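Each remark here refers to the structure printed beneath this line.
Any read-out appearing in this document is the output of simple, stated calculations on the displayed coordinates, not a laboratory observation. Quantities reported herein were computed from a predicted structural model and do not represent experimental measurements. Note: ideal-geometry Cβ built from the backbone for every residue, glycine included; neighbour counts use all protein chains shown.
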Amino acid sequence: MRKLTYFVACSIDGFIGDPNGDASSMYQFVTEEFLDFLKTEYPETVSVEGRNALNFHDAPNQRFDTVVQGRASYQLALDTGITSPYGHLREYVATRSLKESPDPNVHLISDDLVGAVRALKAEDGDLGIWLCGGSRLAGELLDEVDELVIKTYPQVYGTGMPMFGSDFAVTDFALDSVRAFDNGVLVRKYTRKR
């Protein structure tokens, strides 16, 4: 069974964006040390455009071969004219508004999101599935999340878009590791307790 990993950036108080979903204030913490970590540990989580700009477009996928993201997250790429932001992965977009995919590499999930993700998890393979965001999508898939990798940036938002846009439900995870960076960023990895 393949794992679904929610690999996400958030503020200290657990928001992945401001009330409108903007997380650009976190970009200031992307230092050379942090980029080296991404290039080595999670290169597939950097978009094709970013990989080309940072000159590691040929880096092999380390952990994931598939990405699932919400319509709002995908729209950020579409707004810049990019139809396949993670072309080095199989891309799935959960959407009820897009009726056909603008790119042959992007597959749309318009109904039975949980069933579609369960089918992806049941596939053979050594690499997992990256849940890219956003908040509502993560909330809908909370029961399917096997692992959390949380990049916590040293900022407090006070309010905004929570990591999981869902109803109250206690869900336990065990801490596997913590990595601290000189700029105050923490990367915490958790495994779901089942």
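Brief remarks follow.
- Among the listed pairs 39/121; 121/193; 39/193; 99/121; 121/151, those beyond 21 Å (Cα-Cα): 39/121; 39/193; 99/121; 121/151
- log₁₀ of I(q)/I(0) at q = 0.19 Å⁻¹ - the chain, Debye sum with one point per alpha carbon: -1.67
- Springs between Cα atoms under 10 Å define the GNM used for the chain, and in it the highest mean-square fluctuation of 81, 70, 128 occurs at 81.
- DSSP beta bridges in the stretch 4-192 [antiparallel fraction, %, rounded to 5]: 40
- Entry note, the chain: the mean residue ellipticity at 222 nm calculated from DSSP H runs of n ≥ 4, each adding -39500 (n - 2.57), is -5500 deg cm²/dmol after division by the residues and rounding to the nearest 500.
- Extension gain (nm, one decimal) between residue 52 and residue 30, 0.36 nm per residue minus Cα-Cα: 6.3 nm
- Rounded to the nearest 20, the size of the Cβ-charge dipole of the chain about its Cα centre is 300 debye, with Lys and Arg at +1 and Asp and Glu at -1.
- For the stretch 4-192, the relative contact order works out to 33 percent when only alpha carbon pairs closer than 8 Å and six or more residues apart are counted.
- Qualifying chymotrypsin sites (Phe, Trp or Tyr not before Pro) for the stretch 130-188 [loop in DSSP, other Cβ within 10 Å: at most 11]: 168
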